[in-house]
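Chemist: Below is a structure I'd like to ask you about.
The values are calculated or read from the model by the stated rules, or taken from the named source; none is laboratory data. Since this is a predicted model, take the numbers as computed values, not measurements. Note that each Cβ is placed from the backbone with ideal geometry, even for glycine, and that neighbours are counted across all protein chains shown.
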Amino acid sequence: MKVALITGSAGLIGSESVAFFASKFDKIVGVDNNFRSRFFGEDASVEWNLNRLRQNVSNYVHYATDIRDYGEMEKIFKEYGSAISLVIHTAAQPSHDWAAKEPLTDFTVNANGTLNMLELTRQYAKDAVVIFTSTNKVYGDTPNYLPLVELETRWEIAADHPYYKHGIDETMSIDQTKHSLFGASKVAADVLAQEYGRYFNMNVGVFRGGCLTGPNHSGTQLHGFLSYLMKCAVTGGHYTIFGYKGKQVRDNIHSEDLVNMFWEFYQNPRQGEVYNAGGGRFSNCSMLEAIALCEEISGNKLNYTYSDTNRIGDHIWYISDVSRFISHYPNWHWKYNLKDTLVEIHQSMTARSAKAPQV
């Protein structure tokens with residue numbers, strides 16, 4: 001029997017991984033305790049997504065286990081042991097705003113939880129491929145000190161800068177910068193994952209995501225930029241732009257494109273390798289540009305206001321350079337551009353709204 005163990009299995013990347021790998025493994029073991037609803041409220045609950053997985057994926061087994069609980073997680077690893085050939089660790093506290101409210105919770109989920117996953121894999125399934133979803137926040141606010149130019153709808157890096165063509169690569173320093181507490185806890189997890197790969201010779205890949213998005217995201221104000229933006233466009237909910245004139249730029253990668261990166265890595269893994277993983281120059285936008293697209297697709301005017309106060313440690317401009325990954329895995333390329341992704345998010349949201357019980 002061949003088993004894939006996926007944490008955060010009812011979240012955006014976790015659920016995409018479940019759906020993708022279900023046909024490639026005998027059993028998919030999912031771990032998700034819906035802590036997202038504790039972080040961000042009931043609107044962020046992933047229960048709907050878990051129900052979808054249970055209905056549609058016949059070889060899916062679910063555990064509502066807290067990844068911080070080593071003893072309970074060990075029971076899962078003991079049950080499946082060396083049959084586990086893939087571990088995809090996506091479970092996390094994902095918001096740098098929320099982390100400041102409860103630093104101990106943030107760190108124990110992101111750092112201690114990751115350490116538990118790495119050590120249990122080493123003890124019970126050392127030959128498994130481990131994929132860890134890190135974040136571009138490990139670079140802190142260093143990108144804000146690049147030479148940026150203000151254009152009509154976005155900030156952009158100066159055209160003569162080496163990062164202009166492809167974006168920020170993995171050589172950017174993670175030191176002497178303001179990460180946010182979330183970024184710091186993910187740095188700890190990121191370095192731990194690298195170390196288990198290099199020190200213990202384990203097949204561990206670290207994927208530093210830009211904005212991860214897709215139709216199965218339970219977006220909220222504190223996390224899930226495009227999903228929450230489209231939600232506000234569909235429902236008429238209020239959206240707040242925080243600072244930088246709404247011209248801050250993010251690259252956005254569809255969850256399916258990211259999981260296809262995982263698949264490439266699984267087939268030919270490396271030990272302790274780090275990859276930036278985002279939409280790159282293929283799929284990126286400013287806040288103002290995203291609002292315009294959401295209004296165009298939904299047919300609704302977005303209800304939003306602007307606050308001069310930017311989020312602490314937030315990036316003004318960030319585009320991922322994925323050249324390293326493509327050089328290692330040349331068969332991979334993006335499938336979804338920005339508009340394709342937003343259209344799919346809109347279709348999913350309106351379909352779910354139509355199915356929701358009327359009260």
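Chemist: Given the residues ALA22, ALA44, which is the only one that is touching a strand residue (DSSP E or B) at 6+ places or on another chain (Cβ under 9 Å) and closer than 17 Å to TYR266 by Cβ? Spell out the reasoning first.
Modeler: Values: ALA44 fails: closer than 17 Å to TYR266 by Cβ.
Result of the check over ALA22, ALA44: ALA22.
Chemist: Among the listed residues ILE253, ILE345, ILE312, which satisfies the condition of being of a type in the set (A, V, I, L, M, F, W, C) and in a helix (DSSP H, G or I)?
Modeler: Numbers: ILE253 fails: in a helix (DSSP H, G or I); ILE312 fails: in a helix (DSSP H, G or I).
Of the residues listed, the single one that is of a type in the set (A, V, I, L, M, F, W, C) and in a helix (DSSP H, G or I) is ILE345.
Chemist: Scan segment 146-162 and tell me whether some residue there is surrounded by 21 or more Cβ atoms within 10 Å (Cβ to Cβ) and in a helix (DSSP H, G or I).
Modeler: no
Chemist: Just checking, how many residues over segment 124-153 are more than 23 Å from the chain's Cα centre (by Cα) and of a type outside the set (Ser, Thr, Tyr)? I'd like the intermediate steps shown before the answer.
Modeler: Quick first cut of segment 124-153, residues more than 23 Å from the chain's Cα centre (by Cα) only: 124-127, 145-153.
Pick out the ones that are also of a type outside the set (Ser, Thr, Tyr) and you get 125-127, 146-152.
So the answer is 10.
Chemist: Can ARG250 be described as within 17 Å of ARG208 (Cα to Cα), surrounded by fewer than 23 Cβ atoms within 10 Å (Cβ to Cβ) and not aliphatic (A, V, I, L, M)? Walk me through how you get there before you give the answer.
Modeler: Details: within 17 Å of ARG208 (Cα to Cα): yes; surrounded by fewer than 23 Cβ atoms within 10 Å (Cβ to Cβ): no; not aliphatic (A, V, I, L, M): yes.
Answer is no for this residue.
Chemist: While we're looking at this one, here's another question. Take the residues in segment 97-112 that are at pLDDT 95 or above and in contact with a helix residue (DSSP H, G or I) (Cβ under 8 Å, 6 or more places away or on another chain); name whichever of them is surrounded by the most Cβ atoms within 10 Å (Cβ to Cβ).
Modeler: So the residue we want is ASN110.
Chemist: Could you look through segment 25-64, keep only residues that are under 17 Å from the mean Cα position of the chain (by Cα) and in a loop (DSSP other than H, G, I, E, B), and pick out the one that is farthest from SER85 (Cα to Cα)?
Modeler: Ranking the candidates gives SER45 first.
Chemist: Could you grab me the full set of residues in segment 224-241 that are under 15 Å from LEU293 (Cα atoms) and among the polar types (S, T, N, Q)?
Modeler: Matches in segment 224-241: SER227 only.
Chemist: Working only within segment 275-310, note down all residues that are over 22 Å from LEU342 (Cβ atoms) and surrounded by fewer than 22 Cβ atoms within 10 Å (Cβ to Cβ). Spell out how you get there, then give the answer.
Modeler: Just the residues of segment 275-310 that are over 22 Å from LEU342 (Cβ atoms), to begin with: 275-276, 307-310.
SER307, ASP308, THR309, ASN310 - these are the residues of segment 275-310 that are over 22 Å from LEU342 (Cβ atoms) and surrounded by fewer than 22 Cβ atoms within 10 Å (Cβ to Cβ).
Chemist: Please determine, by comparing only the residues of segment 1-19 that are small (Gly, Ala, Ser) and either out of contact with any strand residue (DSSP E or B) (no Cβ under 6 Å at 6 or more places or on another chain) or surrounded by fewer than 18 Cβ atoms within 10 Å (Cβ to Cβ) (or both), which one is farthest from LEU212 (Cα to Cα). Steps first, answer last, please.
Modeler: Applying the first criterion (small (Gly, Ala, Ser)) to segment 1-19 yields 4, 8-11, 14-15, 17, 19.
Cutting the leftovers down to either out of contact with any strand residue (DSSP E or B) (no Cβ under 6 Å at 6 or more places or on another chain) or surrounded by fewer than 18 Cβ atoms within 10 Å (Cβ to Cβ) (or both) gives us 8, 10-11, 15, 19.
Values: GLY8: 14, ALA10: 15, GLY11: 11, SER15: 13, ALA19: 17 Å.
Checked segment 1-19; the qualifying residue farthest from LEU212 (Cα to Cα) is ALA19.
Chemist: Quick check on my filter: what residues within segment 85-119 are out of contact with any strand residue (DSSP E or B) (no Cβ under 6 Å at 6 or more places or on another chain) and assigned to a loop (DSSP other than H, G, I, E, B)?
Modeler: So the first thing to find is which residues in segment 85-119 are out of contact with any strand residue (DSSP E or B) (no Cβ under 6 Å at 6 or more places or on another chain), and the list is 85, 92-93, 96-116, 118-119.
Within segment 85-119, ALA92, GLN93, ALA100, LYS101, GLU102 meet the criteria.
Chemist: Identify, by number, the condition in (1) of a type in the set (D, E, K, R); (2) closer than 21 Å to ILE157 by Cβ; (3) at pLDDT below 95 that ASP251 doesn't meet.
Modeler: Just one mismatch for ASP251, condition (3).
Condition check ((1) over 30 Å from TYR163 (Cα atoms); (2) acidic (Asp, Glu)) across all residues:
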site: ASP66; (1), (2): yes, yes
site: MET73; (1), (2): yes, no
site: ILE76; (1), (2): yes, no
site: LEU86; (1), (2): yes, no
site: ASN110; (1), (2): no, no
site: GLU150; (1), (2): no, yes
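Chemist: Could you check how many residues of segment 18-51 are among the charged types (D, E, K, R) and either modelled with pLDDT of 95 or more or in contact with a Pro (Cβ under 9 Å, 6 or more places away or on another chain) (or both)? Steps first, answer last, please.
Modeler: Our first condition is that a residue be among the charged types (D, E, K, R); within segment 18-51, this holds for 24, 26-27, 32, 36, 38, 42-43, 47.
Checking the rest, the ones that are also either modelled with pLDDT of 95 or more or in contact with a Pro (Cβ under 9 Å, 6 or more places away or on another chain) (or both) come to 24, 26-27, 32, 36.
Result for segment 18-51: 5.
Chemist: Moving to a separate point now. Looking at SER283, SER307, which one is of a type in the set (Ser, Thr, Tyr) and under 18 Å from the mean Cα position of the chain (by Cα)? Can you show your working first?
Modeler: Working: SER307 fails: under 18 Å from the mean Cα position of the chain (by Cα).
SER283 is the lone residue from the list that is of a type in the set (Ser, Thr, Tyr) and under 18 Å from the mean Cα position of the chain (by Cα).
Chemist: Every residue in segment 165-189 that is in a loop (DSSP other than H, G, I, E, B) and touching a residue at least 60 places away in the same chain (Cβ under 8 Å), please. Even if it seems obvious, please write down each step before you answer.
Modeler: Taking segment 165-189 first, the residues in a loop (DSSP other than H, G, I, E, B) are 165-167, 169-180.
LYS165, HIS166, GLY167, ASP169, GLU170, LYS178, HIS179, SER180, listed by residue number.
Chemist: Within segment 190-218, work out how many residues are part of a helix (DSSP H, G or I) and on the phi > 0 side of the Ramachandran plot. Walk me through it before giving the result.
Modeler: Here is the first cut: in segment 190-218, the residues part of a helix (DSSP H, G or I) are 190-199.
Cutting the leftovers down to on the phi > 0 side of the Ramachandran plot gives us none.
Total satisfying the criteria: 0.
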